[in-house]
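Have a look at the structure below before the remarks.
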Amino acid sequence: MARSSVIVIGAGVAGLACALELAERGLSVAVVERGQALGDGCCSWMAGGMLAPWCERATTEPEVAAWGATSIDWWSRRYAGTGRRGSLVVAQPRDATDLTRFAQRTERFQWLEGDAIVGLEPALAGRFRRALFFPDEAHLDPRGALAALADNLGRRGVAIGFGVEHPVRAAGEEIIVDCRGYAARDVLPDLRGVRGEMIVVRSPDVDLSRPVRLLHPRLPLYIVPRGNGLFMIGATMIEGEHRGPISVRSAMELLSAAYALHPAFGEAEIVELGADLRPAFPNNLPQLRRSAGVLHANGLFRHGFLLAPTLARWVADAITRGELKSEVSHADFPQRRRA
């Protein structure tokens, strides 16, 4: 199709990925963001950055693994900081049955014991008897990844306008792609917020080279290394639309779980605490919807970086194939792309 004028509203991971996918296909794109800078008021800024489709397969719909599996190569081609070292899942001996159940619900892993665990993560020596290793998974620093997408767009001549409140409606021949996340609830009434909380700590006495998930009956935990002794600790999924700071209870539970993974985290310095709302539809899967000439791309739930490349491809396919001009609702667009 001929070059088109596309306005992407929102500079989180969904908006930047959509804009880049469109620009790479030769469309004329601009991005507008109501925040004053990259990451301002954006739940992507608080993300874990795990590209772990098969770990997620144990607790989510199978589509998440199928769609997310392609994202690792997508990110590796666009962000040099994508680490492809796999994921490790562990549990205390008393919770060994949780590890077995986790394994039964997923695939593409290896069982490890004793020395094999130490060979991957020496810092965990003597702490866990068995583990699951997912060698094909990856992780990234969300803030570095967002900056890389913005730089890539800049090299392609795509401007990002910060501090801009753009109306969510099409004018003339322009195409609007609405990637506002939870803010799009004004036009997507079934969108809900799922609160996530995280802590960043500095612990020079712990050295992990890949994300580690600790299965726990009450609060499963993940710890993602950020480099230079920094670790992001997260786990919480709270159904609610409160955007306030992280609660004392959540902070205590996250830090206690980190201490259970490795006692050295008890001496870590707290660098940052944060919380935000992740947008989700009732089925917890992303969707494209069309209304009044606008394409709404939303519902990444807690899989923002994992599924943003897939969402971006759906958007680019819909626009380049002229599907926005059809009279068919695009709420089922993802289902038609499963194969």
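Sub-7 Å Cβ pairs linking a first residue in segment 4-18 that is in contact (Cβ under 8 Å) with a residue 24 or more places away in the chain to a second residue that is of a type in the set (Ser, Thr, Tyr) and surrounded by 24 or more Cβ atoms within 10 Å (Cβ to Cβ), at least 6 apart or interchain, are 12/44; 13/44, ordered by first then second residue.
Yes/no matrix, rows are residues, columns are (1) at pLDDT below 95; (2) more than 21 Å from the chain's Cα centre (by Cα); (3) outside any helix (DSSP H, G or I); (4) at positive phi:
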residue: 77; (1), (2), (3), (4): no, no, no, no
residue: 88; (1), (2), (3), (4): no, no, yes, no
residue: 96; (1), (2), (3), (4): yes, yes, no, no
residue: 100; (1), (2), (3), (4): no, yes, no, no
residue: 108; (1), (2), (3), (4): no, no, yes, yes
residue: 116; (1), (2), (3), (4): no, yes, no, no
residue: 132; (1), (2), (3), (4): no, yes, yes, no
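To keep it simple, each residue is scored yes or no on (1) at pLDDT below 90; (2) touching a Cys at 6+ places or on another chain (Cβ under 7 Å); (3) within 30 Å of residue 168 (Cα to Cα).
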| site | (1), (2), (3) |
| --- | --- |
| 210 | no, no, no |
| 228 | no, no, no |
| 238 | yes, no, yes |
| 244 | yes, no, yes |
| 249 | yes, no, no |
| 281 | no, no, yes |
| 293 | yes, no, yes |
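Counting only strands (runs of 3 or more DSSP E) wholly contained in segment 149-228, the ones carrying 2 or more residues that are farther than 21 Å from residue 312 by Cα occupy 192-202, 212-215, 221-227.
Filtered by the rule that a residue be crowded, with 17+ Cβ neighbours inside 10 Å and at pLDDT 95 or above, segment 144-173 gives 145, 146, 148, 149, 150, 152, 153, 158, 160.
Checking each residue of segment 45-59 against the condition of being outside the structural domain of residue 173 (by TED's automatic domain parsing) and of a type in the set (Val, Ile, Thr) gives at least one match.
Does residue 176 satisfy being touching a strand residue (DSSP E or B) at 6+ places or on another chain (Cβ under 6 Å), in the same structural domain as residue 294 (by TED's automatic domain parsing), at pLDDT 90 or above and not charged (D, E, K, R)? Here the answer is yes, as residue 176 does meet what is asked.
Out of curiosity, is residue 145 touching a residue at least 60 places away in the same chain (Cβ under 8 Å), of a type in the set (A, V, I, L, M) and in a loop (DSSP other than H, G, I, E, B)? In short, no. Out of 155, 105, 129, 101, one residue alone is out of contact with any His (no Cβ under 9 Å at 6 or more places or on another chain), farther than 21 Å from residue 48 by Cα, assigned by TED's automatic domain parsing to the domain that holds residue 27 and not β-branched (Val, Ile, Thr). It is 155.
The values are calculated or read from the model by the stated rules, or taken from the named source; none is laboratory data. Bear in mind that the values here come from a model prediction, so they are computed numbers and not experimental data. Positions of Cβ are backbone-derived with ideal geometry, glycine not excepted, and every protein chain shown enters the neighbour counts.
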